[in-house]
Amino acid sequence: MDIRNIAAVVTGGASGLGEASARELAARGAKVAIFDRDSDRGEKVAAEIGGVFCEVDVTSDEKVAAAFAKARAAHGQERVLINCAGVANAAKTVGKNKETGEPRPYPMAQFELAIQINLIGCFRCLSQAALGMVGLEPLEDGERGVIINTASVAAEDGQIGQAAYSASKGGVLAMALPIARDLMNDGIRVNTILPGVFKTPMVAMMPPNVQDALGAQVPFPKRLGQAEEYARLACFMVENPYINAASVRLDGGIRMAPR
C-alpha cells in the first residue's frame with residue numbers, strides 16, 4: 001500500500017513507539033490521527049506532524065468510537081491502524097509482604113488492567129477500524145486496509161512477575177491469525193510486531209547504568225532498540241502487500257532470561 005495521502009490512526013501515538021510511528025507515517029505523506037490519553041503531549045505531536053489529536057481511553061467503547069469519528073471527520077476513513085497503546089505492570093503470582101515475609105495474594109486489579117488495555121483495548125480499536133475499512137474502495141490486489149498490532153517478546157518469553165503483561169501480549173499475538181482470516185475476503189491485512197527492550201519513555205527514566213545493562217543483554221546490536229526502528233518496520237509492513245498474518249520479533253536476537 002502506498003502510504004502517501006492515506007489516512008492513518010496510531011493508538012498510543014503521543015509517545016514512544018506510537019509517536020515514532022505517527023511521525024514516520026506523516027513523513028511519508030500520510031494524514032495521521034493520534035489516539036492517546038495524554039492530551040498535552042498528543043496535541044503537541046499532532047501539531048508538529050500536521051495531524052489531528054483524539055483524546056481516547058481504549059477501555060471505553062464510546063470514547064474509542066468518538067475518537068474514530070473525529071479522525072474520520074478530519075481525514076476520511078483510515079486505511080491504516082497501528083495499535084501501540086499499552087501498559088506494563090509487574091507482580092509475582094504469589095508475593096511476599098516486605099515487612100513480615102508473609103505470602104500475599106496477587107493484586108487482581110493489575111491483571112485486569114493489563115488485559116483491558118493491552119488486549120481488549122487493542123481489539124476494540126482494530127474491530128472499529130476494520131468495520132470502517134470494509135466499505136472502502138479496494139486498491140491494487142483488492143487491498144482495503146492494514147492493521148498492525150503491538151505484542152511483545154514477553155508474549156513468548158515472559159519474565160518473573162510478567163504473568164499479566166505476558167498474558168495480555170500473548171493474546172495480541174494469538175488473535176492476529178484468526179483476525180487476518182476473518183478479514184481476508186475484505187482485503188484487510190493484519191500483522192503483529194513483538195518489540196524487545198526498547199528505549200521508551202519508561203526505560204529512559206532509568207539510570208544510565210541500568211539502561212546500559214539492559215542493552216548489553218541484546219546479542220546484536222548490543223543496545224536498546226530505537227522507536228524509529230519499530231516505526232520503519234511498521235511502515236514496511238504497510239507497504240508490502242504480501243505480509244499478512246505475520247508476527248515479527250524486533251529484538252536484536254534477545255531471548256529474555258527469567259529475570
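The set of residues in the stretch 24-45 being within 18 Å of the chain's Cα centre (by Cα), among the hydrophobic types (A, V, I, L, M, F, W, C) and part of a helix (DSSP H, G or I) consists of L25, A26, V45. In the condition set (1) modelled with pLDDT of 95 or more; (2) exposed (fewer than 14 other Cβ atoms within 10 Å of the Cβ); (3) in a loop (DSSP other than H, G, I, E, B), L136 is compliant with all but (2).
Applying the set (1) more than 19 Å from the chain's Cα centre (by Cα); (2) touching a residue at least 40 places away in the same chain (Cβ under 8 Å) to I117 leaves exactly one unmet item: (1). Listed by position, the helices (runs of 4 or more DSSP H) inside the stretch 178-259 whose residues that are over 20 Å from the mean Cα position of the chain (by Cα) and under 27 Å from A14 (Cβ atoms) number at least 3 are 208-216. Listed by first and then second residue, the pairs linking a residue in the stretch 147-175 that is touching a residue at least 24 places away in the same chain (Cβ under 8 Å) and crowded, with 24+ Cβ neighbours inside 10 Å to a residue that is among the aromatic types (F, W, Y) and assigned to a helix (DSSP H, G or I), with Cβ atoms under 7 Å apart and 6 or more places separating them unless they lie on different chains, are A164/F111. Of all residues in the stretch 17-53, those satisfying the criterion of being without any contact (Cβ under 8 Å) to a residue 60 or more places away in the chain and of a type in the set (K, R) are K31, R37, R41, K44.
Here's the yes/no breakdown for (1) in contact with a Pro (Cβ under 7 Å, 6 or more places away or on another chain); (2) in a helix (DSSP H, G or I); (3) more than 22 Å from T59 (Cα to Cα); (4) not acidic (D, E):
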position: E112; (1), (2), (3), (4): no, yes, no, no
position: I148; (1), (2), (3), (4): no, no, no, yes
position: S152; (1), (2), (3), (4): yes, no, no, yes
position: Y165; (1), (2), (3), (4): no, yes, no, yes
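Residue by residue, here is whether (1) surrounded by 15 or more Cβ atoms within 10 Å (Cβ to Cβ); (2) touching a residue at least 24 places away in the same chain (Cβ under 8 Å); (3) touching a helix residue (DSSP H, G or I) at 6+ places or on another chain (Cβ under 7 Å) holds:
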site: L177; (1), (2), (3): yes, yes, no
site: P201; (1), (2), (3): no, yes, yes
site: A227; (1), (2), (3): yes, yes, yes
site: C235; (1), (2), (3): yes, yes, yes
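All conditions but one from (1) in a helix (DSSP H, G or I); (2) in contact (Cβ under 8 Å) with a residue 40 or more places away in the chain; (3) of a type outside the set (A, V, I, L, M) apply to S127; the one that does not is (2). Taken over the stretch 19-42, residues that are surrounded by 17 or more Cβ atoms within 10 Å (Cβ to Cβ), more than 16 Å from E78 (Cα to Cα) and out of contact with any helix residue (DSSP H, G or I) (no Cβ under 7 Å at 6 or more places or on another chain) amount to 2. Taking the criterion of being among the charged types (D, E, K, R) and in contact with a Cys (Cβ under 6 Å, 6 or more places away or on another chain), the only residue of the stretch 1-28 that qualifies is E24. Of the listed requirements (1) under 12 Å from V58 (Cβ atoms); (2) β-branched (V, I, T); (3) in a loop (DSSP other than H, G, I, E, B), T93 misses just one: (1). As for the stretch 90-106, it holds at least one residue that is touching a helix residue (DSSP H, G or I) at 6+ places or on another chain (Cβ under 9 Å) and surrounded by 16 or more Cβ atoms within 10 Å (Cβ to Cβ). Within the option set A27, A7, A85, being in contact with a His (Cβ under 6 Å, 6 or more places away or on another chain) and under 30 Å from G142 (Cβ atoms) holds for one residue only, A7.
The values are calculated or read from the model by the stated rules, or taken from the named source; none is laboratory data. Treat the numbers as computed from the prediction; the structure is a model and nothing was measured. Cβ sites come from the backbone with ideal geometry, for glycine too, and all protein chains shown count toward neighbours.
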